[in-house]
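Structure first, then comments.
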Amino acid sequence: MSLIIETFVLGPLENNTFLLYDESSLDAAVVDPSFGSQALLPLIQRRGLSLRALWITHAHFDHFAGVNEILAGCTHTVKIGLHPQDFPHWQTKGMAADFGIQLPDLPDPSLPFFDGQTLDLGDSQILVRHTPGHSPGHVILISTADQVAFVGDLIFRMSVGRTDLVGGNTDQLMASIRNQIFTLPDDTRLLNGHGPETSVGYEKKRNPFFR
């Protein structure tokens, strides 16, 4: 049982969009499809993957701008996962208009996330943890078996997510990091929404926000 993870840096904000799939079943999911996510489709087709879901860590526009691009290349139903507390952001297109960006209409999320939920991807299992602070419904997605966590914009290499956007809360963000990130094994890889990956141990030692 093992996940294969491919990283694509996409869009004007250089988002990390992740394609992950279970190597035995070839069931696949995409985490945070950003602008230009149609670039994932040739790889999905070439490797014979069955795309099951789009998992959105939080509903800021740059983390779901490519949803329609991926769905346009699929002939079957693909679930869209999002925490309900971020549904209001989704419905207003993730504040895209505030940044001068127009997004097309999007289908409604069909897979409500909740804390402690387990997502099956073939033989692999992904744990959902609710981590508010950057947005009310922010989640992280953890594969314990592969020692990897997709952390959206909660924490970055030697930094943390911003809390000055609508629904942000600094106290919640710091608590989410302490309770849900720093309690993971030190060698857990942290794959974030922007910039280079890091690890739990590295951030516990070197993140200036926790010194």
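The values are calculated or read from the model by the stated rules, or taken from the named source; none is laboratory data. It should be emphasised that the depicted structure is a prediction, and the values quoted were computed from it without experimental measurement. Virtual Cβ from ideal backbone geometry, glycine too; neighbours counted across all protein chains shown.
Listed conditions (1) at pLDDT 95 or above; (2) over 26 Å from residue 4 (Cβ atoms) are all met by residue 200, apart from (2). Scanning the stretch 6-27 for residues being more than 14 Å from the chain's Cα centre (by Cα), in a strand (DSSP E or B) and not acidic (Asp, Glu) gives a total of 1.
Rundown of residues vs (1) more than 29 Å from residue 199 (Cα to Cα); (2) of a type outside the set (Gly, Ala, Ser), yes/no style:
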position	(1), (2)
59	no, no
70	yes, yes
84	no, yes
100	yes, no
120	no, yes
139	no, yes
144	no, yes
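Screening 92, 188, 131 for residues that are without any contact (Cβ under 8 Å) to a residue 60 or more places away in the chain, of a type in the set (Ser, Thr, Tyr) and farther than 27 Å from residue 70 by Cα leaves exactly one candidate, 188. So which of 44, 80 is hydrophobic (A, V, I, L, M, F, W, C), part of a helix (DSSP H, G or I) and touching a residue at least 12 places away in the same chain (Cβ under 8 Å)? Being hydrophobic (A, V, I, L, M, F, W, C), part of a helix (DSSP H, G or I) and touching a residue at least 12 places away in the same chain (Cβ under 8 Å) holds for just one of 44, 80, which is 44. Residues in the stretch 138-175 that are within 17 Å of the chain's Cα centre (by Cα), closer than 18 Å to residue 126 by Cα and either small (Gly, Ala, Ser) or not in a loop (DSSP other than H, G, I, E, B) (or both): 139, 140, 141, 142, 143, 148, 149, 150, 151, 152. Does at least one position in the stretch 154-161 carry a residue that is within 26 Å of residue 22 (Cβ to Cβ), in contact with a Gly (Cβ under 6 Å, 6 or more places away or on another chain) and surrounded by 14 or more Cβ atoms within 10 Å (Cβ to Cβ)? Yes, the stretch 154-161 has at least one match.
Going by what's in this entry, would residue 65 be described as crowded, with 24+ Cβ neighbours inside 10 Å and over 20 Å from residue 120 (Cα atoms)? The answer is yes for residue 65. List the number of the failed condition for residue 124; all other conditions in (1) buried (at least 18 other Cβ atoms within 10 Å of the Cβ); (2) within 16 Å of the chain's Cα centre (by Cα) hold. Every listed condition holds for residue 124 apart from (2). Within the option set 105, 98, being out of contact with any His (no Cβ under 9 Å at 6 or more places or on another chain), part of a helix (DSSP H, G or I), free of Cβ contacts under 8 Å to residues at least 40 places away in the same chain and farther than 26 Å from residue 148 by Cα holds for one residue only, 98.
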